[in-house]
Structures are given as structure tokens and as C-alpha cells.
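Quick notes on the structure that follows.
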Amino acid sequence: METVAGLMALAARTAPKAKGRDFLEIKILQGETLQTLANAMIDYAQKRGQDKQFFARDGENVRHSEAVLLLSLNEPRTGGLNCGACGFERCSDFKDQPKKEGPEFAGPICTWRQLDLGIALGSAAKTASLHNADNRMMYTIGAVARAIKLIAGELVVGIPLSATGKNIYFDR
């Protein structure tokens, strides 16, 4: 799984990005760090109540994974396109806004940078699939990994990896 995770990181890094500017942070987690993350996800679910219980389910998935790939947008700047997709007329209006911490992530974030992250995630998941490694993108992993400072960034998503007789991330 370490080799597959490394290839996924490569695919994410080399994925196309708006205007060729890269704001991705990439980190591979294995071993004890997975248990730390799993425990933190379960604690998060217990503290947040009924509407966040899926964090505990996903935490158990992390506990039984062999690796997790984290991808984040770290201090992403605007695309400079003045497209208005972020809700502001000009990028200069957007970038003058202070970062605001939400319950799990910080924003606002340029829409094109979010698309960059999505393309990188898709490239990474495709690479895992090409190597027959079970995987699933999980926002829950990213929210908790960010909260416990396993990776920097305003928006984080995790992809756990497993190789068993049945995909542990589906039919849960």
C-alpha cells in the first residue's frame, strides 16, 4: 500500500491545475498515525452528537486501512480570472476577505482552486483503482486530520486504502 499511496501522491501532484499554480499539500499516513486519526474521528463523532455519527463509522474504516492519503489546499490564492464563481465580482474583492473558520474548514476559497483539489483527488483515486487498491474519498478524514493538525490547509480530503477480499469502504 505504501507504493500505491506514493503513486497516488504522484498522480495528485502532476494533475492539471488552474493557471499551472499548485497549492496542494500531500501527506501519506501509515502505522500508529492511522490509529491516532481513527481515535480522533470516533471522539469527534461522540462530541458532535447524532448528526455526525458517520465520523465514527469512517474512523473504524481508517482503523482497518493500511494507508491514508491526505490532500489539502494550503493558502490557495485566487485564480485571477475575475469569473465571479466565488460570489465576488472580482478576485481582488475576494482576496481582501479575511479567512473565516467554519465548523470543519476555512474559507472562502477560490472555486478554481477547489476544482484543482477535485481533479487531484480524482487522479489519485484512479491511480489506486488501476492498482486494484480499495479506496474511497472521505471528507470526514480531512476534517479531523485538519483539526488534529496532521496536515496544513483550509480544505482537506482523505483517501483510505485497503486490500482485502471485500472492499471495507462500501456496504458498511
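Derivation of every value follows stated rules applied to the coordinates shown; laboratory data play no part. This structure is a prediction, so every number in the text was calculated from the model and none was measured. Every residue, glycine among them, receives a Cβ derived from its backbone with ideal geometry; neighbour counts consider all protein chains shown.
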For this session: Calculate, in nm to one decimal, what I119 and E101 gain on full extension: separation in residues at 0.36 nm each, minus their alpha carbon distance.
Result: 4.1 nm
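Between L130 and R57, what length in nm is gained on full extension when 0.36 nm per residue of separation is reduced by their alpha carbon distance? Working shown, then result.
Details: separation 73, 0.36 × 73 = 26.28 nm, distance 2.61 nm.
Going from the current span to full extension adds 23.7 nm.
Quote the FRET efficiency, to the nearest 0.05, computed for T14 versus T36 with a Förster distance R0 of 35 Å and r equal to the Cβ-Cβ distance.
On the way: r = 29 Å, r/R0 = 0.84.
The computed FRET efficiency comes out at 0.75.
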For this session: Counting other beta carbons within 10 Å of each Cβ, put I159, I168 in order, fewest first.
Result: I168, I159
Exercise. When the helix-only estimate is applied to the chain (DSSP H runs of n ≥ 4, each -39,500 (n - 2.57), divided by the residue count), what is the mean residue ellipticity at 222 nm, nearest 500 deg cm²/dmol?
Worked result: -13500 deg cm²/dmol
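So, counting K/R as plus one and D/E as minus one, what does the shell of residues with Cβ under 15 Å around P98 add up to?
Numbers: positive: R77, K95, K99, K100; negative: E75, D93, D96, E101, E154.
It works out to a net charge of -1.
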For this session: For each of T33, T127, T164, count neighbouring Cβ atoms within 10 Å of the residue's Cβ, then give the residues from fewest to most.
Result: T164, T33, T127
Exercise. What aspartates and glutamates sit close enough to K95 to cross-link, taking a C-alpha to C-alpha distance under 19 Å and skipping anything fewer than 8 places away on the same chain?
Worked result: D22, E75, D116, E154
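R77 to N167: extension gain in nm, 0.36 nm per residue of separation minus the Cα-Cα distance? Don't skip to the answer; put the middle values down first.
Details: separation 90, 0.36 × 90 = 32.40 nm, distance 3.71 nm.
Here the segment from R77 to N167 would lengthen by 28.7 nm.
Could you tell me what % of all Cα pairs in the chain have separations over 19 Å?
Details: 8271 of 14706 pairs.
Across the chain, Cα pairs with separations above 19 Å total 56 percent.
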Exercise. Which residue, E75, E66, E32, has the most motion in a Gaussian network model of the chain that connects Cα atoms within less than 10 Å?
Worked result: E32
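Can you tally the net charge around L7? Count Lys and Arg as +1, Asp and Glu as -1, for every other residue whose Cβ sits under 13 Å from the Cβ of L7.
On the way: positive: R13, K126; negative: E2.
Overall, the nearby charge balance is +1.
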